[in-house]
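Structure, as structure tokens:
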Amino acid sequence: MSELSVDHLLGIKYLDKKDIALIFETADHFKEVINRSIKKVPTLRDTTIANIFFENSTRTRLSFELAEKRLSADVVNFSASQSSVKKGETLIDTVNNILSMKVDMVVMRHPNPGAGIFLSKHVDASIINAGDGAHEHPTQALLDSYSIREKLGDIRGKNVVIVGDILHSRVALSNIFALKLQGANVKVCGPKTLIPKHIESLGVKVETNLRKALEWCDVANMLRVQNERMDISYFPSTREYTQQFGVNKQLLNSLDKQIVIMHPGPINRGVEITSDVADSDQSIILEQVENGVAIRMAVMYLLAAKK
Ligand code: CP
């Protein structure tokens, strides 16, 4: 029987091509399950999963919780803002206290890059990184690739541009690793100040002209400007950012082809993407969200099978 090469999902960087293929094959099965009238399977009935979120989340948190419930796992939710972390408790003490209540798996979002890696070395449970600072967001990249594969049939040879705040984006880094592993051609596009200096060493090209990037690509993944991770200004004004790096219907209609539009959310409508694009038939934003549940079911099922 096939199994993952890893015991934790800490980043796409630690996966190989076979892992991604296995996750997608398993997600295909779970996608069929969640579209049945009875959406629940007893697969993780004896597994307890803790979702611990030290940063805000809508999609990821709900998606993991729904995936856990569809797999019949017992679920506990922990939010840092209502916890003893506020009283000075360390990350390891917090998590070890949760684990002493016989928790098997931890899904964690944390503002510090590497928090999940650190935790995996100190606690005895499977760790899933639900976003660690500006580092990685592996399940987002998996659901993004899965959605491209579903829409275009294959990822190999496809041209994908990631547009926006690449510097502060864990979604960008995880997507780059995932897309390159699967043979896509990847460009990043945004203001020079929001593109990391040595990004080309990851095998991607930089394009600072959005029109040229869109003319080249099959898929454009639009990212939000992460103001919460900025302590200085990286561009003159939001209006100028939108003029240069925002996608709107007029721009898309002026291309001589139909490209696929993605966005991981949350969307800032009217900044990086207009409503008429986000809600158009070129957009697969809601399909991404739907696929997130099947992908997360697959990841948790495959990690639980390794215990
Ligand atoms: N895509 C994503 O991570 O969204 P949330 O921050 O709402 O979880």
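Taking the stretch 1-48 on its own, how many of its residues are of a type in the set (S, T, N, Q), in contact with an Asp or Glu (Cβ under 7 Å, 6 or more places away or on another chain) and surrounded by 18 or more Cβ atoms within 10 Å (Cβ to Cβ)? Quick ask: steps written out before the conclusion?
Step one: filter the stretch 1-48 for residues of a type in the set (S, T, N, Q), giving 2, 5, 26, 35, 37, 43, 47-48.
Going one step further and asking which of them are in contact with an Asp or Glu (Cβ under 7 Å, 6 or more places away or on another chain), we end up with 5, 47-48.
Checking which are surrounded by 18 or more Cβ atoms within 10 Å (Cβ to Cβ) leaves us with 47-48.
Adding up the residues that qualify gives 2.
Which of the residues belonging to the stretch 91-106 are in a loop (DSSP other than H, G, I, E, B) and open to solvent by less than 70 Å² (accessible area, probe 1.4 Å)?
If the condition is that a residue be in a loop (DSSP other than H, G, I, E, B) and open to solvent by less than 70 Å² (accessible area, probe 1.4 Å), then V103, D104 are the ones that fit.
Could you tell me whether any residue of the stretch 221-243 is under 26 Å from E150 (Cβ atoms), β-branched (V, I, T) and open to solvent by less than 70 Å² (accessible area, probe 1.4 Å)?
No, that holds for no residue.
Kindly evaluate A278 against the criterion of being touching a Phe, Trp or Tyr at 6+ places or on another chain (Cβ under 8 Å) and within 20 Å of D144 (Cα to Cα).
Here the answer is no, as A278 does not meet what is asked.
Filter the stretch 272-294 for residues that are within 16 Å of the ligand (Cβ to nearest atom) and farther than 20 Å from L62 by Cα; which is surrounded by the most Cβ atoms within 10 Å (Cβ to Cβ)?
Checked the stretch 272-294; the qualifying residue surrounded by the most Cβ atoms within 10 Å (Cβ to Cβ) is I273.
Testing R109 on (1) in contact with an Asp or Glu (Cβ under 9 Å, 6 or more places away or on another chain); (2) in a helix (DSSP H, G or I); (3) not hydroxyl-bearing (S, T, Y), one condition comes back false. Which one is that?
Here R109 meets the rest and fails (2).
Looking only at the stretch 126-176, which residues are under 17 Å from F24 (Cβ atoms), open to solvent by less than 10 Å² (accessible area, probe 1.4 Å) and in contact with a Pro (Cβ under 6 Å, 6 or more places away or on another chain)?
Result: S174, single match.
For N112, indicate whether it is open to solvent by 10 Å² or more (accessible area, probe 1.4 Å), polar (S, T, N, Q) and under 23 Å from L167 (Cα atoms).
Values: open to solvent by 10 Å² or more (accessible area, probe 1.4 Å): yes; polar (S, T, N, Q): yes; under 23 Å from L167 (Cα atoms): yes.
So N112 fits the description; yes.
Only one of these is over 25 Å from S147 (Cα atoms), within 16 Å of the ligand (Cβ to nearest atom) and surrounded by 17 or more Cβ atoms within 10 Å (Cβ to Cβ): F78, F64. Name it.
Exactly one of F78, F64 is over 25 Å from S147 (Cα atoms), within 16 Å of the ligand (Cβ to nearest atom) and surrounded by 17 or more Cβ atoms within 10 Å (Cβ to Cβ), namely F78.
The values are calculated or read from the model by the stated rules, or taken from the named source; none is laboratory data. In this text, all values refer to a predicted model and were calculated from it rather than measured experimentally. Every residue, glycine among them, receives a Cβ derived from its backbone with ideal geometry; neighbour counts consider all protein chains shown. Keep in mind that these areas ignore ligands, DNA and RNA; they rest on the heavy atoms of the full protein, side chains included. Shrake-Rupley method; radii C 1.70, N 1.55, O 1.52, S 1.80 Å.
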